[in-house]
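S.K.: Handing you this structure, nothing more for now.
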2 protein chains.
Amino acid sequence: MPCQGEGGITWRHRRGSITAIISPLPNVKVLMERSHPVTIVDVAERAGVSPGTVSNVLTGKRPVAESTRQRVQRAVEELGYQPNLLARSLVNRSSNTLGVVAYGLEYYGPSRTLVGIERQAAELGYSLLLDLLHRPDDQDVDAVLAELTARRVDGIIWAVHEVGDNHAWIDETRLHSLPPMIFLTMEQRPGAAIVATDNRAGARLATQHLIDAGRRTVGILTGPTSWWEVRERLAGWRNALEAAGLEASPALIAEADWTAAAGEAALKALLVRRPDIDAIFACNDQMALGALHCCLAAGRRVPHDIAIVGFDNTPESAFFWPALTTVRQHLAELGRLAVNELHRQIEAQQQGATLTPARHLLHPELIVRASSGGAG
Amino acid sequence: MPCQGEGGITWRHRRGSITAIISPLPNVKVLMERSHPVTIVDVAERAGVSPGTVSNVLTGKRPVAESTRQRVQRAVEELGYQPNLLARSLVNRSSNTLGVVAYGLEYYGPSRTLVGIERQAAELGYSLLLDLLHRPDDQDVDAVLAELTARRVDGIIWAVHEVGDNHAWIDETRLHSLPPMIFLTMEQRPGAAIVATDNRAGARLATQHLIDAGRRTVGILTGPTSWWEVRERLAGWRNALEAAGLEASPALIAEADWTAAAGEAALKALLVRRPDIDAIFACNDQMALGALHCCLAAGRRVPHDIAIVGFDNTPESAFFWPALTTVRQHLAELGRLAVNELHRQIEAQQQGATLTPARHLLHPELIVRASSGGAG
DNA sequence: TTGTACGCGTTATCAC
DNA sequence: GTGATAACGCGTACAA
């Protein structure tokens, strides 16, 4: 019964109710009263053309006469038409959507990176589907990936830190059955495209700075060593010390859990073991803050007795007391780069090609302030 | 030519290539080689049932015989079938997706709130489509809303602070033509559902605490007064002072831009004007940090000479020197509540009903530490 | 209980 | 340059 074109009259069955539309001048009032889902067919009828032509006007993929293009444009505006991206994605087999899987958005690094991701995605015309893991070693990887692929995302950004064996699921064949992916901050793996900060270089930067300032016993305040980033920063610290012929023994390592509270406690214990320490490299600014706190409480002057360097350059770090020397990651840039690389993969795949997954490292930068004796 | 069922043989035209499938035992090899988009039809053929039956098994909306249900389940697993949510959303007229429009994700409050939003959304089975504004007074409101409605989100969470007239676009008729929405942190408006922290109560809490501690000249360090939140906190500060019969004049107000740097500068200027100030309520913890810095630099002892209270309870605030007394917002809870309220609206609308938009205020809580002389 | 035939809103192919 | 028509993958009255 539906769609029996007959003379100037068209009957259309829609959502259970029958609506009569008189061509070629549809009754505007009736159209306005309908609770809004105006489709490409409505536009076509109003402009007196076929739906295909409207589509051509909208996407610009095929030439269309100037006169009709204007009629269509007017109809679009008058009806307040908005293309249904769901339907478009269905037939296009591409949703212009990127999936972002992240952890720890309440912390400085991840949220900053997400902002960069969103910016670049918007610039390239992608929408973002956001999925958060509750813990870095969340077991729900499969469910998250299933949901994302079910929604037909064009690509996935995996912004979860590598801790423990939470990345064990990643292998080449598994990746092959997934949409293009890019990983943030993880160890090199065959078949996986990666974008990360060069943590080792950052730690070397910090440690070398302390050595250059004349410090001889440089302790390190780390996050959990189950984190790959922590192991990298540990390696950088060790590299710099060994290159300078200085001690880099386990006795100088204090492990905490990234928080200021734990940082304070860990340093307190470390200073009991090794009262000769004259410098500390803390693996993030929060723990550096805890370290400052510990020194103040213990009557050790910073930087006179102990020099301290952090990692991240959080906005607050400039206002610690004393102001914190720290290592700056280019987090937003990291996010933008991830999107760009993913975009390249997607375009390549759509053209049948396939990119050999590369690894990009971003170099961090040392910000010298008072806590290392560098300034002030 | 497509879909000519004929005996045990079915020809299907797909993506430009012809594939022959022999029923009732399809050639598995052929199925595996196809570059993956396995549909409900494939599952049906393999299970020897109709697509409709498969759908019934998957959605559970209609009863189905136990024996066939098992055959279907097996076929699903063997083929690794994943329903296409795009297609499902198209026919269901509902995408199980929420749009989140946010600003300032790199800051503590918004990112924390987003985490709460995501948690609750996931619990209710929604996916999240994320859109970020570059500035709170971003002019691109229409484009953002258009994209979200084009993707047929079931509802929208507007998590952008009210600053200047950036919310001027919100009016009852406009809202009527949009999917259900909920707004965070904005002034009451007819027809708009709102979830917010009771900023006025929070400021009163902080100020009253200072008064109770014996302070008599309580200055305030505000963010930009173009922000609605700031005006609310100002009002709370004024309320408490006036109720106590104390001065609450403009001379005690210093405006900054939320950053520690500006907070420090603003307080410095304020102390020149009013050296008699013996307490400061800072509208966020960053500015409180700047204030601490200022006092240290100026030789004013905290809390002895000047007591300081912040707002937000950032994790670092407990490790400022001295530890910061502050007002804690329940940010994640705010996000969860927003999702729940939006969910209610959505369900109501789907049943033809319509909720009268309500406003929910969450009460903040005072965290007393050393900077106000309260502890330590 | 299960199969058949549409419809959801859009694009692509192929005629004219 | 434009108009039919067939997909895209899934849900669902309706019939069997």
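S.K.: Taking K and R as +1 and D and E as -1, what net charge do the other residues with C-beta under 10 Å from the C-beta of A:Phe320 add up to? Please report the intermediate quantities before stating the final value.
M.R.: On the way: positive: A:Arg369; negative: A:Asp285, A:Glu316, B:Glu316.
Computed value for this residue: -2.
S.K.: OK, next. Using 1/(1 + (r/R0)^6) with R0 = 41 angstrom and r between the beta carbons of B:Thr356 and B:Arg74, what's the FRET efficiency to the nearest 0.05?
M.R.: My answer for the efficiency is 0.25.
S.K.: What's log10 of I(q)/I(0) for chain A at q = 0.13 Å⁻¹, Debye sum over Cα points only, no solvent?
M.R.: Calculated log10 I(q)/I(0) at the listed q: -1.00.
S.K.: Run the simple label-point estimate for A:Glu66 and A:Arg119 please: 7 Å along Cα→C-beta, distance reported in nm.
M.R.: Result: 4.1 nm between the two label points.
S.K.: What is the sum of charges, Lys and Arg at +1 and Asp and Glu at -1, for the other residues whose Cβ falls under 10 Å from the Cβ of B:Pro357?
M.R.: Values: positive: B:Arg189, B:Arg359; negative: B:Glu172, B:Glu341.
Net of charged neighbours comes to 0.
S.K.: Now for a separate question. Along Cα→Cβ at 7 Å, what distances in nm separate the B:Ser94 label point from those on the other copies, shortest first?
M.R.: The projected label point of B:Ser94 is separated from its counterparts by 3.2 nm.
S.K.: Among rounded, prolate and oblate, which fits the protein assembly as shown when a ≥ b ≥ c are the square roots of the eigenvalues of its C-alpha gyration tensor, a/c under 1.5 means rounded, and a/b larger than b/c means prolate?
M.R.: Working: a/c = 2.55, a/b = 1.52, b/c = 1.68.
Oblate shape, in that a/c is at least 1.5 and b/c is the bigger or equal ratio.
S.K.: Can you give the net charge of the other residues whose Cβ lies under 11 Å from the Cβ of A:Ala256, counting K and R as +1 and D and E as -1? Intermediate results must be reported in sequence, preceding the final value.
M.R.: Working: positive: A:Lys268; negative: A:Glu255, A:Asp257, A:Glu264.
Neighbourhood net charge equals -2.
S.K.: Only sites in a loop by DSSP and with at most 15 other Cβ atoms within 10 Å count here; which trypsin sites (Lys or Arg not before Pro) in segment A:88-139 make the cut?
M.R.: Those satisfying the criteria are A:Arg93.
S.K.: Right, another one. Could you give the C-alpha radius of gyration of segment B:222-345 expressed as a fraction of 2.2 N^0.38 Å, taking N as the number of residues it contains?
M.R.: Relative to the 2.2 N^0.38 Å estimate, segment B:222-345 comes out at 1.15.
S.K.: Would you kindly work out, in nm and rounded to one decimal, the distances from the label point of B:Leu296 to those of the same position in each other copy, ordered shortest first, with label points 7 Å along Cα-to-Cβ?
M.R.: Ordered by increasing distance: 0.5 nm.
S.K.: Shifting gears a bit: Just from its helices, what would the mean residue ellipticity at 222 nm be for chain B, if runs of 4 or more DSSP H residues each count -39500 (n - 2.57) and the sum is divided by every residue, rounded to the nearest 500 deg cm²/dmol?
M.R.: -12500 deg cm²/dmol
S.K.: So how do A:355-361, B:341-347, A:71-77, B:155-161 stack up, highest first, on mean other-Cβ count within 10 Å?
M.R.: Order by mean packing, descending: B:155-161, B:341-347, A:71-77, A:355-361.
S.K.: Compute the relative contact order of segment A:283-335 as a whole-number percentage, counting only Cα pairs closer than 8 Å that sit 6 or more residues apart in sequence. Could you put the intermediate results ahead of the total?
M.R.: Values: 56 pairs, mean separation 17.9, N = 53.
Relative contact order here is 34 percent.
S.K.: Please state, as a whole number in µm²/s, the translational diffusion coefficient that the Stokes-Einstein equation yields for segment A:76-127 at 10 °C and 1.306 mPa s, with Rh defined as the Kirkwood radius across alpha carbon pairs.
M.R.: 119 µm²/s
S.K.: Let me ask something additional. How crowded by other chains is A:235-247, given as the mean number of beta carbons from other chains within 10 Å of each beta carbon?
M.R.: Mean partner-chain Cβ count within 10 Å for A:235-247: 0.
S.K.: In addition: Sort shortest first the distances from A:Arg174 to its counterpart in every other copy, using label points 7 Å along the Cα-to-beta-carbon line, and give them in nm.
M.R.: Here the equivalent label points are 4.6 nm apart from this one.
S.K.: In addition: For A:144-151, what's the mean count of beta carbons from other chains sitting within 10 Å of each residue's beta carbon?
M.R.: Working: counts 1, 1, 2, 6, 2, 4, 7, 11.
What the average comes to for A:144-151 is 4.
S.K.: Can I ask one more? Antiparallel as a % of all DSSP beta bridges within chain B, to the nearest 5? Intermediate values should be presented prior to the final figure.
M.R.: Values: 11 of 44 bridges.
Here the share of antiparallel DSSP bridges comes out near 25 percent.
S.K.: In addition: For chain A, what does the relative contact order come out to in percent, with C-alpha contacts under 8 Å and a separation of six or more?
M.R.: Normalised by residue count, the contact order of chain A is 14 percent.
S.K.: Averaged across the residues of B:87-99, what count of C-beta atoms belonging to other chains lies within 10 Å of each residue's C-beta?
M.R.: Mean number of neighbouring Cβ atoms from other chains: 3.
S.K.: For a test of the definition: using alpha carbon positions, the gyration tensor, and the 1.5 limit on a/c, classify segment B:227-271 as rounded, prolate or oblate.
M.R.: Cα axes put segment B:227-271 in the oblate bin.
Computed from the coordinates by the stated procedures, all read-outs in this text should not be read as laboratory data. As the structure is a computational prediction, the values presented were derived from the model and not from experiment. Please note: Cβ atoms are built from the backbone with ideal geometry, for glycine as well, and neighbour counts cover all protein chains shown.
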